[in-house]
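The values are calculated or read from the model by the stated rules, or taken from the named source; none is laboratory data. Bear in mind that the values here come from a model prediction, so they are computed numbers and not experimental data. Cβ placement follows ideal geometry from the backbone for every residue including glycine, while neighbour counts extend to all protein chains displayed. These accessible areas exclude ligands, DNA and RNA; they are computed on the full protein's heavy atoms, side chains included. Shrake-Rupley method; radii C 1.70, N 1.55, O 1.52, S 1.80 Å.
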Amino acid sequence: MLKRKALDRFEDWFRYRTKQALLVTGARQVGKTYLVREFARSHWDNVVEINLYENTAAAKALSSATSSRELFMRLTAFVDAPMVPGKTVVFLDEVQECKEAVTAIKFLMERQDFDYVLSGSMLGVELKGLTSAPVGYLSTLKMYPLDFEEFAWANGVSPEILEEVRSCFREARPVDAFIHQRMEELFHRYLICGGMPDPVQAFVRTDNVSQVRLLQEAIVGQYRYDISKYAGSRARVVRRIFDLMPSEISRQDKRFVVSDVEGDSHFNRYDNDFMWLTDANVALPAYNVTEPRYPLATNLESSKFKLFSSDVGILTYQCGMDVVRDLLVDRPDINYGALYENVVAQELTCHGFDLAYFKNRAIGELDFVVQTRNRVVPIEVKSGKVYRRHSALTKALETENYGIERAIVLHEGNVERDGRILYLPAYMAMCLEPGL
């Protein structure tokens with residue numbers, strides 16, 4: 001079983017739950033169902049599971065119930081395991097197929113006889129039309145692909161090694177050369193494999209890149225199927241945006257150019273299509289800010305954004321096998337900036353940051369700007385050997401009214417400090433947490 005950080009949050013919910021059910025969201029194939037099952041088996045004597053995607057009769061029956069009593073009666077009709085009050089959890093999987101079940105959880109929780117865990121992959125899309133959200137009766141937890149630290153756990157990196165890396169981060173001192181090389185090699189593998197559990201397990205078990213890519217191909221196929229099923233009349237455009245993501249991320253400025261979608265430059269026409277991918281947790285949006293000043297939320301420009309993949313392994317798969325081969329031989333003439341930035345976007349997102357970047361004509365572009373401790377910290381990502389060349393970052397630091405006290409450059413080398421700039425190995429993105 002892969003060690004997942006989400007399990008600690010499951011435990012927090014279980015420890016402090018009162019009348020709240022647990023709702024687990026996230027992209028398809030990030031490991032929601034497996035982790036819920038393992039968690040449930042270790043905390044309740046009886047586990048009742050209904051998959052509302054596979055059991056269409058159950059989904060239809062629950063969605064048409066007209067009262068809480070009728071809902072509970074119909075639920076028990078599809079149960080094939082004992083339901084002992086106080087010792088049973090009911091796991092409703094793929095609840096996007098029955099939005100009414102999410103609304104009705106309030107009435108089921110008020111009975112106080114069973115615990116409930118709900119899970120679904122398209123909830124950001126499907127629950128937008130929810131008319132009555134059960135406020136106070138749902139504790140929502142979003143799962144992501146394995147982050148780099150979880151990937152390191154899966155590959156047998158010891159807690160002592162990871163703690164040493166964190167200690168070097170906190171103290172701004174170089175990592176031991178042997179450890180640094182090991183972590184860099186693992187980071188390059190993460191660029192290929194990504195964090196989806198099935199490819200990760202195959203990679204750890206076999207080192208077979210072809211098998212990893214077959215599993216990634218299946219996930220991409222599932223995403224495209226979901227777009228066709230759930231995106232309705234806009235499915236063709238959403239699919240076009242999804243297919244364009246690798247080329248758009250690889251652009252020099254990495255901003256998504258709206259006119260590339262169908263030759264139409266009007267953003268508003270496609271606003272909902274871009275948001276569909278982010279609501280489905282397939283993509284991660286990073287919005288431009290007019291100034292890198294605290295608070296960032298007041299400076300966001302919703303029409304200017306970058307769109308990152310929710311998993312760097314899926315992005316690398318979409319880029320093609322040549323990119324994988326180049327990564328394996330570590331070609332020095334290749335710019336992997338898009339992949340590196342995608343990993344940083346993933347790490348920042350799953351660690352609780354809102355993604356933002358800054359770009360204007362006078363300063364240039366800062367890859368990311370994050371808000372922490374009432375301050376803004378710029379983060380630059382350099383995949384090449386020339387990592388001290390960052391004119392935009394230098395200009396931003398010299399602009400007094402921005403109030404930037406320090407900055408971070410993630411690169412291929414070891415830890416260095418130069419005035420207000422801290423240079424960190426790219427794998428230390430795993431250390432970037434709120435309060436850094």
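A few remarks follow.
- If only residues of the stretch 190-218 that are under 18 Å from the mean Cα position of the chain (by Cα) and over 13 Å from residue 316 (Cα atoms) are counted, the one that is least open to solvent (accessible area, probe 1.4 Å) is 200.
- Among the residues of the stretch 175-188, those that are within 20 Å of residue 340 (Cβ to Cβ) and either in contact (Cβ under 8 Å) with a residue 40 or more places away in the chain or in a loop (DSSP other than H, G, I, E, B) (or both) comprise 175, 180, 183, 184, 186, 187, 188.
- Complete set of residues in the stretch 8-40 that are more than 23 Å from residue 196 (Cβ to Cβ) and not small (Gly, Ala, Ser): 11, 12, 13, 14, 15, 16, 17, 18, 19, 20
- Every residue from the stretch 301-320 that is open to solvent by 10 Å² or more (accessible area, probe 1.4 Å) and of a type in the set (A, V, I, L, M, F, W, C): 319
- Spans of helices (runs of 4 or more DSSP H) in the stretch 277-379 with at least 2 residues in contact with a strand residue (DSSP E or B) (Cβ under 7 Å, 6 or more places away or on another chain) and either closer than 25 Å to residue 243 by Cβ or without any contact (Cβ under 8 Å) to a residue 40 or more places away in the chain (or both): 337-350
- Single residue of the stretch 218-257 satisfying the filter (of a type in the set (S, T, N, Q) and under 23 Å from residue 366 (Cβ atoms)) that is modelled with the highest pLDDT: 247
- Of the helices (runs of 4 or more DSSP H) that lie entirely inside the stretch 26-110, those containing 3 or more residues that are among the hydrophobic types (A, V, I, L, M, F, W, C), in contact with a strand residue (DSSP E or B) (Cβ under 8 Å, 6 or more places away or on another chain) and open to solvent by less than 60 Å² (accessible area, probe 1.4 Å) span 32-43, 99-110.
Each row is one residue, and each column tells you yes or no for (1) of a type outside the set (A, V, I, L, M, F, W, C); (2) modelled with pLDDT of 95 or more; (3) surrounded by fewer than 13 Cβ atoms within 10 Å (Cβ to Cβ).
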{"position": "131", "(1), (2), (3)": "yes, no, yes"}
{"position": "136", "(1), (2), (3)": "yes, no, yes"}
{"position": "158", "(1), (2), (3)": "yes, yes, yes"}
{"position": "163", "(1), (2), (3)": "yes, yes, yes"}
{"position": "177", "(1), (2), (3)": "no, yes, yes"}
{"position": "181", "(1), (2), (3)": "yes, yes, yes"}
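- Scanning the stretch 398-412 for residues that are on the phi < 0 side of the Ramachandran plot and open to solvent by 20 Å² or more (accessible area, probe 1.4 Å) turns up 398, 399, 400, 401, 402, 405, 406, 412.
- Residue match in the stretch 336-352 (condition: under 29 Å from residue 282 (Cβ atoms) and exposed (fewer than 15 other Cβ atoms within 10 Å of the Cβ)): yes
- If you go through the stretch 395-434 and keep only what is within 23 Å of the chain's Cα centre (by Cα) and among the hydrophobic types (A, V, I, L, M, F, W, C), you end up with 408, 409, 410, 424, 426, 428, 429, 430, 431, 432.
- The listed residue being assigned to a loop (DSSP other than H, G, I, E, B), more than 21 Å from residue 339 (Cα to Cα), of a type outside the set (Val, Ile, Thr) and in contact with a strand residue (DSSP E or B) (Cβ under 8 Å, 6 or more places away or on another chain), out of 436, 397: 436
- Among the residues of the stretch 413-436, the one identified as touching a helix residue (DSSP H, G or I) at 6+ places or on another chain (Cβ under 8 Å) and open to solvent by 50 Å² or more (accessible area, probe 1.4 Å) is 420.
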